[in-house]
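Peer 1: Here you go, one structure.
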C-alpha cells in the first residue's frame with residue numbers, strides 16, 4: 001500500500017483533532033513523566049499532549065515515514081519514532097504514565113491482544129486513553145465495503161480492508177478483564193461539510209486508501225464516482241446547502257492497577 005499522504009490527511013485537521021481534544025480532557029494524571037502518542041500521524045495529537053504536559057517526555061510513534069517527516073517538520077521540539085503498533089511493544093518499555101491513541105487502533109488487528117499489550121506499556125497507575133471510529137456504525141464505511149465487494153469491483157480489489165474496531169460491549173469485556181478502573185463512551189460528531197465531494201476527500205486521506213491503492217488511476221476515479229453517488233443518496237443536503245456528516249467514535253480510558 002502507498003504511504004500516507006500528509007497533505008490529504010490534513011485537509012480536515014480541525015475535525016480530526018476534535019476527538020483528541022475530547023479524549024485528552026478525560027485524562028487527569030498530574031505531572032506525568034513519560035507519555036506515548038501511538039499513531040501520532042502528523043503530530044496534531046502529540047502537540048495537544050505537549051501543551052497540556054509541557055514538562056513530560058513525550059514520544060510520538062507512527063508506522064508511516066511520510067507522516068513522521070511532516071510531524072518532525074511541524075513539531076521539531078517533540079521526539080517522533082517509527083513504530084508499528086501491531087508488532088512487539090515490549091521494546092518501548094513499561095514505564096509510561098500515559099499511552100494515548102487517537103484514531104489509530106482501527107488499523108491494528110486483534111484488539112483482544114492489542115489492549116493488554118498497550119496496558120503493559122504503563123507503569124502502575126498509568127492511563128491508556130484511546131479513540132477510534134465505530135466502523136460498523138458508519139454509513140460511509142459500509143458503502144465503501146459494499147461497493148468493494150460488488151461483482152464489478154471484487155475482481156480488481158483483491159484485498160478489501162479489514163474492519164478491526166469492536167463493539168462497545170466487546171471493549172467493555174476486554175477492559176474489565178484488565179482493570180476495574182475504566183470508562184467507555186461513544187460520541188457521534190456532526191461535521192459540517194460544504195458538499196458531498198468533501199466526504200470523499202476526507203476518506204481519501206484515510207479509509208479509502210487501501211482500496212484506491214489497488215486500482216489504476218482511471219479505475220480509482222470510477223470507484224470514487226460510484227461511491228460519490230451513493231453518498232449523495234445517503235446524506236441529504238441541509239437547508240443551507242451544507243451536508244451533515246455524522247461520524248460515530250468510541251472512546252475509552254483504563255488505569256493499570
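Peer 1: Kindly establish whether residue 177 is within 27 Å of residue 95 (Cα to Cα) and free of Cβ contacts under 8 Å to residues at least 60 places away in the same chain.
Peer 2: So residue 177 passes the test.
Peer 1: Hey, which of the helices (runs of 4 or more DSSP H) in region 167-257, taking only ones fully inside, have at least 3 residues that are surrounded by 14 or more Cβ atoms within 10 Å (Cβ to Cβ) and either in contact with a strand residue (DSSP E or B) (Cβ under 7 Å, 6 or more places away or on another chain) or at pLDDT 95 or above (or both)?
Peer 2: Helices (runs of 4 or more DSSP H) meeting the threshold: 168-178, 196-204, 217-234.
Peer 1: If you go through region 101-117 one residue at a time, how many are in contact with a helix residue (DSSP H, G or I) (Cβ under 6 Å, 6 or more places away or on another chain) and assigned to a strand (DSSP E or B)?
Peer 2: Number satisfying all stated conditions: 1.
Peer 1: Moving on to the next point. Just one of (1) closer than 26 Å to residue 110 by Cα; (2) surrounded by 17 or more Cβ atoms within 10 Å (Cβ to Cβ) trips up residue 75, so point out which.
Peer 2: Unmet condition: (1).
Peer 1: Ok, one more. I need a count of the residues in region 118-139 that are assigned to a helix (DSSP H, G or I) and either modelled with pLDDT under 95 or surrounded by fewer than 19 Cβ atoms within 10 Å (Cβ to Cβ) (or both).
Peer 2: Residues flagged as assigned to a helix (DSSP H, G or I) and either modelled with pLDDT under 95 or surrounded by fewer than 19 Cβ atoms within 10 Å (Cβ to Cβ) (or both) within region 118-139 amount to 4.
The values are calculated or read from the model by the stated rules, or taken from the named source; none is laboratory data. The structure displayed is predicted, hence computed values, not measured ones. Cβ atoms come from the backbone with ideal geometry, glycine included; neighbour counts cover every protein chain shown.
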